[in-house]
Amino acid sequence: MTPDLELTSVPAWAVEPTCPTADLTGRYWTVLAVGSDAAPIAARWIDEIRAAHPNARPRLHQVADADAACAALDADLADAKVGWRLLLAGPAHACLRVRARALELGATDDEITIASTEVATREIYCAHCRITTTAVTGLSEEISCPGCARRLFVYYHVSRRIGAHLGFATTADTTP
């Protein structure tokens with residue numbers, strides 16, 4: 001039985017690709033596009049912001065991966081002002097990690113807009129050996145953990161702190 005996703009910590013955008021409009025309530029924007037598929041979304045957001053706020057100068061960062069996105073986020077948040085917004089587009093697993101970093105740095109969910117371009121790839125945190133594995137898998141499927149070799153059930157839980165899905169052993173623990 002699959003739980004109602006609204007009752008889990010898995011954001012809807014991490015299950016189905018989404019493409020919301022830009023958050024125009026802010027005064028300052030960081031637009032992060034992770035991967036080439038996110039570039040058109042970021043360009044649309046920039047156009048929406050400039051149409052609504054002709055004098056706005058949103059910061060656009062086109063990056064290859066979540067690590068580069070986190071570095072750009074760190075730099076922009078260092079001098080963020082009241083009214084700052086994060087618009088983040090890219091694969092859901094990368095967006096989860098960048099969102100976790102933004103929350104760690106003090107941003108709130110209502111300051112973050114996310115468009116996911118791909119949802120099949122997930123980062124799964126092993127509850128047993130604490131290794132995070134990236135794999136193409138669905139929720140409630142199983143993967144092998146490369147750290148401890150256990151079969152992990154990909155659970156309907158996302159850690160806001162690390163931005164990964166929870167994985168736990170599906171059989172009795174036989175590993176010493």
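Couplings for the range 75-87, taken from phi via the Karplus curve 6.51 cos²θ - 1.76 cosθ + 1.60 with θ = phi - 60°, read 5, 6, 6, 4, 10, 5, 10, 4, x, 6, 10, 10, 10 Hz in order; Gly and Pro are left as x. Placing +1 on each Lys and Arg Cβ and -1 on each Asp and Glu Cβ, with no other charges, gives the range 51-107 a dipole about its Cα centre of roughly 240 debye.
Computed from point charges on the beta carbon alone (+1 for Lys and Arg, -1 for Asp and Glu), the dipole magnitude for the range 121-169 about its Cα centre is near 180 Debye.
Roughly speaking, what is the centre-to-centre gap between the range 68-101 and the range 118-171 when only Cα atoms are used, to the nearest Å? The range 68-101 and the range 118-171 have Cα centres spaced 23 Å from each other. What does the helix-only formula give at 222 nm for the chain: each DSSP H stretch with n ≥ 4 adding -39500 (n - 2.57), the total divided by the residues, and the result rounded to the nearest 500 deg cm²/dmol? Per the formula, -7000 deg cm²/dmol.
If you wrap the tightest convex hull around every Cα atom of the range 121-169 and split its volume per residue, you get 57 Å³. Using R0 = 22 Å, the C-beta based FRET efficiency linking Thr8 and Arg161 works out to 0.85.
Once a ≥ b ≥ c are taken as the square roots of the eigenvalues of the Cα gyration tensor of the range 73-176, is the result rounded (a/c under 1.5), prolate (a/b larger than b/c) or oblate (a/b not larger than b/c)?
Working: a/c = 3.20, a/b = 2.24, b/c = 1.43.
Cα axes put the range 73-176 in the prolate bin.
When you count the other C-beta atoms within 10 angstrom of each residue and take the mean per peptide, 30-41, 135-146 line up highest first as 30-41, 135-146. Our Cα-only numbers for the chain put the radius of gyration and Dmax at 17.4, 63 Å. In this rough spin-label picture, where each label sits 7 Å from Cα along the Cβ direction, the Glu48-Ala120 distance is 2.7 nm. I need to check one value: relative contact order of the chain, counting alpha carbon pairs closer than 8 Å and at least 6 residues apart, in percent. RCO, the chain: 23 percent.
A short reminder: the numbers here are calculations on the coordinates, not readings from a lab. No experiment lies behind these values; they were computed from the predicted model shown. For neighbour counting, all protein chains shown are included, and Cβ atoms are generated from backbone atoms with ideal geometry for every residue, glycine included.
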